[in-house]
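Visitor: Sending over a structure as structure tokens; questions will come in a sec.
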Amino acid sequence: MNVHRVALVSFHTCPLAKLGEGKAGGMNSYVRELAKRLARAGVRVDIFTRQHGGHEPQEVELAPGATVVHLPGGPGNPTQAGPLYLHLGSFTEAMLGYATKRGADYALIHAHYWLSGEVARRAARVWNAPMAATFHTLARTKEQALAAEEPPPRAQVESEVVREAARIIATTPHEKESLVRLYGALPDRVEVAPCGVDLDLFRPVERVEARRTLGIGNEKVVLFVGRLERIKGVELLLRTAAIMDGGDSARVLVVGGEQGGEGEAARLKALARELGIQGRVRFVGRVEQAALPTYYSAADVCVVPSYYESFGLAALEAMACGTPVVAARVGGLPWVVQHNRTGYLVPWHCPEPFANWLETLLSSDDLRRKMGAAAYQFAQSMGWEQVSARILGIYESLLTAGKVKAASS
């Protein structure tokens, strides 16, 4: 084993956070599952994240060989990433102090998100260790998709991390293309390794059993899973449900929580009443990860109507449970969902085309079974065991290249 100890930096989001609460989502899951698999492969992993409640222990064992380290890094419940940027210096100093006190010698640093990238590039210079970076989302891509304004320093920091990282790990070919086109990344320094799915958890549950557990009868069920924020497109799903043929017999389940204080759930419930579909829409709220396979398996189709997704983990989870997906053709979703095979991709954010593809799937049991089976088979190649092995291989090649360079200089 060439990789002995790795520092994962996940500054703004803790891998121990409950998924679906606040901003906790796919990135939390990614860091947590990657760390567990690396530790299982014999790599010692320290995950550096900021204190998010003020009462958590500094060190928490995630798994044998993997430790979450909480360090001071701004207020417990910030509303924006921008103000957190002001606390990166003190967090970095605390991280360097922690490593010195424990005599930790890191073979490399892997940063997650732009805030962590700024921390990692500062630490890499002190530790003389190579830096890998996974951005999860990119400011310039999000701004193009949403015409939304990101925190002022974000794109600049991303550019600096792209320039200094020894390796950038993109989750899809689309993200790699964006890094090259929008940030000037050198193609040979960008590797593609997808997000993984926990195949031990996300697997089919017998349909009748799943529906009985959730109190659902024989009606058609359309499912959304994700945080309730505008970028996720739940409003589009509600407007789609309102115009679908035979919509009176279809139920919409919306699973997921919202970040405190935003009021998105209240806005969406009011919209459902305005559209006259409140009797067919059930806002479930956040559910535990262990319950999600039951929801995916009970559904006829999972809908991912996002305006931007760097990857689309909910789509992959649904597919692992044997459920076809109708998704927006944005970001990494065209790489996860295979059009006409595991579901359908919709190029327009309009209710009519979404309704068309949903009606196509809901009207044919044979088509849903065929696509669900293909979705399940595709997901089997995306388990965390395979993905973590790919990332560990990237680490090892990076360290090997560094040794060759040092020996020749």
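Visitor: Any idea how many residues of the stretch 316-350 are buried (at least 24 other Cβ atoms within 10 Å of the Cβ), touching a strand residue (DSSP E or B) at 6+ places or on another chain (Cβ under 7 Å) and over 28 Å from A210 (Cβ atoms)?
Guide: Of the residues in the stretch 316-350, 0 are buried (at least 24 other Cβ atoms within 10 Å of the Cβ), touching a strand residue (DSSP E or B) at 6+ places or on another chain (Cβ under 7 Å) and over 28 Å from A210 (Cβ atoms).
Visitor: Next question. Taking A66 and the conditions (1) buried (at least 18 other Cβ atoms within 10 Å of the Cβ); (2) touching a residue at least 60 places away in the same chain (Cβ under 8 Å), which numbered condition does it fall short on, given that it satisfies the others?
Guide: (2)
Listed here are the residues, each with its yes/no results for (1) of a type in the set (S, T, Y); (2) touching a helix residue (DSSP H, G or I) at 6+ places or on another chain (Cβ under 8 Å).
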residue: R282; (1), (2): no, no
residue: T294; (1), (2): yes, yes
residue: A299; (1), (2): no, yes
residue: E309; (1), (2): no, yes
residue: P334; (1), (2): no, yes
residue: H339; (1), (2): no, no
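Visitor: Right, another one. Please pick out the residue among H112, H52, H70 that is out of contact with any Lys or Arg (no Cβ under 9 Å at 6 or more places or on another chain) and modelled with pLDDT of 95 or more.
Guide: Details: H52 fails: modelled with pLDDT of 95 or more; H70 fails: out of contact with any Lys or Arg (no Cβ under 9 Å at 6 or more places or on another chain).
Step by step, each of H112, H52, H70 is checked, and only H112 is out of contact with any Lys or Arg (no Cβ under 9 Å at 6 or more places or on another chain) and modelled with pLDDT of 95 or more.
Visitor: Here is a further query. Could you list all residues from the stretch 84-107 that are touching a Pro at 6+ places or on another chain (Cβ under 9 Å) and surrounded by 24 or more Cβ atoms within 10 Å (Cβ to Cβ)?
Guide: F91 - this is the single residue of the stretch 84-107 that is touching a Pro at 6+ places or on another chain (Cβ under 9 Å) and surrounded by 24 or more Cβ atoms within 10 Å (Cβ to Cβ).
Visitor: Quick one: count up the residues across the stretch 310-338 that are small (G, A, S) and outside any loop (DSSP other than H, G, I, E, B).
Guide: Initial filter on the stretch 310-338 (small (G, A, S)): 310, 312, 314-315, 318, 320, 322, 327-328, 331-332.
Filter once more, so that each one left must be outside any loop (DSSP other than H, G, I, E, B): 314-315, 318, 320, 327-328.
Of the residues in the stretch 310-338, 6 are small (G, A, S) and outside any loop (DSSP other than H, G, I, E, B).
Visitor: Restricting to the stretch 305-315, count the residues that are more than 13 Å from the chain's Cα centre (by Cα) and not hydroxyl-bearing (S, T, Y).
Guide: Total satisfying the criteria: 1.
Visitor: Any chance the stretch 125-137 includes a residue that's touching a Pro at 6+ places or on another chain (Cβ under 8 Å), assigned by TED's automatic domain parsing to the domain that holds R167 and at pLDDT 95 or above? Step through it out loud before you land on a result.
Guide: Restricting attention to the stretch 125-137, the residues satisfying the condition of being touching a Pro at 6+ places or on another chain (Cβ under 8 Å) are none.
Checking the stretch 125-137: not a single residue is touching a Pro at 6+ places or on another chain (Cβ under 8 Å), assigned by TED's automatic domain parsing to the domain that holds R167 and at pLDDT 95 or above.
Visitor: Go through Y307, Y296 for me and flag whichever is in a helix (DSSP H, G or I) and either in contact with a Gly (Cβ under 9 Å, 6 or more places away or on another chain) or not assigned by TED's automatic domain parsing to the domain that holds I231 (or both). Give the steps one after another, and end with the answer.
Guide: Numbers: Y307 fails: in a helix (DSSP H, G or I).
One residue alone meets the criteria, Y296.
Visitor: A follow-up question, please. Go through the stretch 343-362 and give me each residue that's more than 21 Å from the chain's Cα centre (by Cα) and among the aromatic types (F, W, Y).
Guide: Matches in the stretch 343-362: W348, F354, W357.
Visitor: Moving to a separate point now. Which of the residues spanning the stretch 316-342 are over 15 Å from the mean Cα position of the chain (by Cα) and of a type in the set (G, A, S)?
Guide: A320, G322, A327, A328
Visitor: Let me ask you something else. List the residue pairs whose Cβ atoms are under 6 Å apart, where the first residue sits in the stretch 329-351 and is among the hydroxyl-bearing types (S, T, Y), the second is in a strand (DSSP E or B), and the two are 6 or more positions apart or on different chains.
Guide: Between residues of the stretch 329-351 that are among the hydroxyl-bearing types (S, T, Y) and residues that are in a strand (DSSP E or B), the close pairs are Y344/V326.
Visitor: Spot the failing condition for F378; the list is (1) more than 30 Å from E206 (Cβ to Cβ); (2) at pLDDT 95 or above, and only one is missed.
Guide: (1)
Visitor: Looking only at the stretch 258-302, count every residue that is farther than 30 Å from R369 by Cβ and either in contact with a Cys (Cβ under 9 Å, 6 or more places away or on another chain) or polar (S, T, N, Q) (or both) and tell me the total.
Guide: 2
Visitor: Residues that are in a helix (DSSP H, G or I), on the phi < 0 side of the Ramachandran plot, assigned by TED's automatic domain parsing to the domain that holds H110 and without any contact (Cβ under 8 Å) to a residue 24 or more places away in the chain: does the stretch 364-375 have at least one?
Guide: Going through the stretch 364-375, the residues in a helix (DSSP H, G or I) turn out to be 365-375.
From what's left, on the phi < 0 side of the Ramachandran plot: 365-375.
The next check asks that each one be assigned by TED's automatic domain parsing to the domain that holds H110; those that pass are none.
Within the stretch 364-375, not a single residue is in a helix (DSSP H, G or I), on the phi < 0 side of the Ramachandran plot, assigned by TED's automatic domain parsing to the domain that holds H110 and without any contact (Cβ under 8 Å) to a residue 24 or more places away in the chain.
Visitor: Just one of the numbered conditions (1) closer than 30 Å to T134 by Cα; (2) assigned by TED's automatic domain parsing to the domain that holds E317; (3) not acidic (D, E) is not true of A265; which one?
Guide: Against the list (1) closer than 30 Å to T134 by Cα; (2) assigned by TED's automatic domain parsing to the domain that holds E317; (3) not acidic (D, E), A265 comes up short only on (1).
Visitor: Is there a residue in the stretch 235-248 that is assigned by TED's automatic domain parsing to the domain that holds E264, charged (D, E, K, R), touching a strand residue (DSSP E or B) at 6+ places or on another chain (Cβ under 7 Å) and more than 22 Å from S306 (Cβ to Cβ)?
Guide: So in the stretch 235-248, the residues assigned by TED's automatic domain parsing to the domain that holds E264 come out as 235-248.
Cutting the leftovers down to charged (D, E, K, R) gives us 235, 239, 245, 248.
Still in the list and also touching a strand residue (DSSP E or B) at 6+ places or on another chain (Cβ under 7 Å): none.
No.
Visitor: Working only within the stretch 175-193, note down all residues that are surrounded by 20 or more Cβ atoms within 10 Å (Cβ to Cβ) and either assigned to a strand (DSSP E or B) or in contact with a helix residue (DSSP H, G or I) (Cβ under 6 Å, 6 or more places away or on another chain) (or both). Break it down into steps so the answer makes sense when it comes.
Guide: We begin by selecting, within the stretch 175-193, every residue surrounded by 20 or more Cβ atoms within 10 Å (Cβ to Cβ); these are 175, 178-179, 183, 185, 190, 193.
Listed by number, the residues that qualify are S178, Y183, A185, V190, A193.
The values are calculated or read from the model by the stated rules, or taken from the named source; none is laboratory data. Remember, predicted model here, so these are calculated numbers, not experimental data. Please note: Cβ atoms are built from the backbone with ideal geometry, for glycine as well, and neighbour counts cover all protein chains shown.
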